[in-house]
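Student: I'd like to ask you about the structure that follows.
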Amino acid sequence: MFALAGAMATFSINDMLMKLTAQRYPLGEVITVRGIMATLLVGGCLIAMGHLTHLRAAVQPLVLTRTAFDGAAMVLFTTALIHMPLAELSAINLVSPLMITALAVIFFAEEVGWRRWTAITVGFVGTLFIVKPSAGSFNAWALFGIACAFAGACRDVITRNLHAAIPTIVISFMAALGSAVIGAIMGLIEDWQPMAPWDLGALAIAAFFLAIGHYLVVIAFRGVDVAAIAPFRYTLLIWAGVLGYLAFGEVPDGFAIFGSLLIVSSGLYALHREVVRQRTIAADVPPGEPGA
């Protein structure tokens with residue numbers, strides 16, 4: 001619980017620092033610099049852990065596809081972050097677990113009952129309150145947040161199918177390297193500027209917190225009851241709200257707050273129904289059968 005709550009805090013710090021820096025420099029430049037720093041940091045850990053030989057697994061099509069979706073999610077999130085309050089964008093991104101449930105039906109023929117479909121619908125209604133799809137208050141940048149949530153859901157669905165022999169640090173290394181490459185490609189159409197030492201330091205801190213966050217997520221979900229831990233993912237809204245207010249003076253309006261509550265409530269209920277489903281499946285397995 002502490003590890004996952006800590007991961008949400010580190011991710012929010014990374015987002016805050018990225019927003020502060022990306023408001024002054026081209027986005028591709030900011031993504032590239034942080035990506036290089038994260039690659040060096042994660043790469044050093046990879047070598048220290050003795051997993052250098054496992055890099056051959058990183059060129060597998062499934063790993064490369066995951067890296068592409070992760071990079072897309074990162075670019076979409078950072079693009080929207082420049083133009084949106086941190087807490088509102090974080091709330092939209094939390095609809096990703098609901099998208100994963102929907103994608104599981106498409107790709108894995110997983111059965112989803114009407115209760116979980118209702119939760120998914122409510123979650124998407126919550127995003128509409130944040131997007132505000134009306135002529136006078138429509139926030140087009142929020143669509144980038146929705147696209148980011150979808151790309152993140154695709155990434156996580158692919159992660160479920162990665163071979164267990166591929167170390168987590170290798171996957172994290174590819175994600176960091178992929179972000180640096182994507183940023184460099186974006187830079188081909190940008191006019192890069194020399195970065196001030198403070199901004200370079202801010203991106204170095206962002207890369208550090210991003211790497212720590214990924215590591216804490218692994219600790220949080222490894223060898224524990226996922227149902228007991230997963231709700232702490234929603235502490236992201238607390239951290240994002242506090243940091244957004246302190247750094248940018250952002251205060252979500254009533255519609256955004258209500259939409260965020262709908263997203264969190266639907267996500268928690270969908271998680272509850274998944275727990276019920278797993279228990280039902282386990283109860284139906286006769287003694288002595290696999291999985292009993």
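The values are calculated or read from the model by the stated rules, or taken from the named source; none is laboratory data. This is a predicted model, so every value here is computed, not measured. Don't worry about glycine lacking a Cβ; one is built from the backbone with ideal geometry, like all the others, and counts go over all protein chains shown. Each accessible area value is taken on the protein alone, full model and side chains, heavy atoms only, with ligands, DNA and RNA left out. Shrake-Rupley method; radii C 1.70, N 1.55, O 1.52, S 1.80 Å.
Student: In nm, to one decimal, how far is the Glu190 label point from the Val275 one, both placed 7 Å along Cα→Cβ?
Tutor: Calculated label separation equals 4.2 nm.
Student: Find how many whole Å separate the alpha carbon centroid of segment 152-206 from the alpha carbon centroid of segment 3-70.
Tutor: 4 Å
Student: Expressed in nm to one decimal, what extension gain is obtained for the pair Ile106 and Ile47 from 0.36 nm per residue of sequence separation less their Cα-Cα distance? Working shown, then result.
Tutor: Numbers: separation 59, 0.36 × 59 = 21.24 nm, distance 3.82 nm.
Separation in residues times 0.36 nm, less the Cα-Cα distance, equals 17.4 nm.
Student: Charges only on Cβ, +1 for Lys and Arg, -1 for Asp and Glu: so what's the dipole of the chain about the Cα centre, in debye to the nearest 20? Working shown, then result.
Tutor: Numbers: 15 positive and 16 negative charges, 67 e Å.
So the dipole magnitude of the chain works out to roughly 320 debye.
Student: Taking the Kirkwood radius as the inverse of the mean 1/r across Cα pairs, report the Rg/Rh of the chain.
Tutor: Values: Rg = 19.5 Å, Rh = 20.0 Å.
Answer for the chain: 0.97.
Student: Could you give the accessible area per residue of the chain, probe 1.4 Å, as a whole number in Å²? Intermediate results must be reported in sequence, preceding the final value.
Tutor: Details: 14440 Å² over 292 residues.
Averaged over the residues of the chain, the accessible area is 49 Å².
Student: If you don't mind, another one. Are there chymotrypsin sites (Phe, Trp or Tyr not before Pro) in segment 143-226 that DSSP puts in a loop and that have at most 13 other Cβ atoms within 10 Å, and which ones? The partial results should precede the final answer.
Tutor: Working: sites: Phe144, Phe150, Phe173, Trp192, Trp198, Phe208, Phe209, Tyr215, Phe221; in loops: Trp192.
Counting only loop positions with at most 13 other Cβ atoms within 10 Å, the chymotrypsin sites (Phe, Trp or Tyr not before Pro) in segment 143-226 are Trp192.
Student: Using a 1.4 Å probe over the heavy atoms of the protein chains, calculate the carbon and sulfur portion of the accessible area of segment 7-48 as a whole percent. Can you show the working numbers first?
Tutor: Working: 990 of 1310 Å².
Heavy-atom surface of segment 7-48 belonging to carbon and sulfur, 1.4 Å probe: 76 percent.
Student: Loop sites only, by DSSP: take the trypsin sites (Lys or Arg not before Pro) in the chain that have at most 14 other C-beta atoms within 10 Å and name the longest stretch containing none of them. Don't jump to the answer; show the numbers that get you there.
Tutor: On the way: sites that count: Arg24, Arg222.
Longest gap between qualifying sites, sites excluded: 25-221.
Student: So, in nm, how far is label Leu62 from label Phe248 when the simple model puts each one 7 Å beyond its Cα toward the Cβ?
Tutor: Output for this residue pair reads 3.7 nm.
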